[in-house]
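Below is one structure; the comments refer to it alone.
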Amino acid sequence: MTLPLGFALTGLVLVFLLALIWQARKKVRDERASRPRALAHAELVYMETLFRIREPFRLVAKVDRVYRLLGGSLVLVELKTRRRDRPYLTDVIQLSAQRLAVQQQTGEVVEPYAFVSVLGPGRGERIRSHRVALLEADALIRLHRRRRAILARQEAPAYAAADAACRGCALRSKCDRFGGRA
Ligand code: SF4
């Protein structure tokens, strides 16, 4: 016996809608489970959102999550999947640039700290959140100027301050610190 076409289509639409609802609920559950404890009562206001600014320099920043505290200010959260359960300086620079972009575009106050939430292999689904202090705009502007000067070959780059940074560096084979030629 064959089902009437209309009946089969209704069934398909229902299955599709149920899958959408299940996905939306899972997203909410995952977001709740991965929240830093300090933001348990905050409101999630942005998720995977792009911000663009032109001043003090052109910047496009994609934020993972932004929460609003009860007092009205915003807090950034960056999600990372990595073996080592710790934040890096690159996270701090990335989050500081995001803060600048969100502040400039929205005019809202963004706290000078943020959270790096790390999910790593071997730790199950457990996410640990690390609070980090962010760089102010003037420090970011200096970094941006130096980057431009290095790319224009007006300034010489420096080696990484910590040897640990070199271990996983993609440029290691070309770096003259290790006998390579750029
Ligand atoms: S290997 Fe060279 S380029 Fe890479 S982090 Fe170390 S010093 Fe920098």
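Key figures
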read-out	value
Enumeration of residues in segment 146-182 that are exposed (fewer than 10 other Cβ atoms within 10 Å of the Cβ), part of a helix (DSSP H, G or I) and modelled with pLDDT of 85 or more	ASP176
Residue in segment 86-98 that is in contact (Cβ under 8 Å) with a residue 12 or more places away in the chain, on the phi < 0 side of the Ramachandran plot and over 15 Å from the mean Cα position of the chain (by Cα) present	no
Which numbered condition ARG65 fails, given (1) within 18 Å of VAL132 (Cα to Cα); (2) among the charged types (D, E, K, R); (3) surrounded by fewer than 14 Cβ atoms within 10 Å (Cβ to Cβ)	(3)
Number of positions in segment 150-182 that are within 26 Å of the chain's Cα centre (by Cα) and more than 11 Å from the ligand (Cβ to nearest atom)	2
Which numbered condition ILE93 fails, given (1) within 16 Å of the ligand (Cβ to nearest atom); (2) within 20 Å of ARG58 (Cα to Cα); (3) exposed (fewer than 12 other Cβ atoms within 10 Å of the Cβ)	(3)
So VAL118, is it at pLDDT 95 or above, in contact with a Ser or Thr (Cβ under 8 Å, 6 or more places away or on another chain), within 18 Å of PRO36 (Cα to Cα) and hydrophobic (A, V, I, L, M, F, W, C)	no
Test: ALA19 is modelled with pLDDT of 85 or more and closer than 19 Å to LEU76 by Cβ	no
Where PRO121 falls short, out of the listed (1) open to solvent by 70 Å² or more (accessible area, probe 1.4 Å); (2) farther than 28 Å from ARG52 by Cα; (3) within 16 Å of the ligand (Cβ to nearest atom)	(3)
Flag for ARG142 being out of contact with any Asp or Glu (no Cβ under 7 Å at 6 or more places or on another chain) and more than 16 Å from the ligand (Cβ to nearest atom)	yes
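The values are calculated or read from the model by the stated rules, or taken from the named source; none is laboratory data. These numbers were taken from a predicted model, which means no experiment stands behind them. Ideal geometry is used to build each Cβ from the backbone, glycine not excepted, and the neighbour counts take in all protein chains shown. Accessible surface areas use protein heavy atoms only, side chains included; no ligands, DNA or RNA. Shrake-Rupley method; radii C 1.70, N 1.55, O 1.52, S 1.80 Å.
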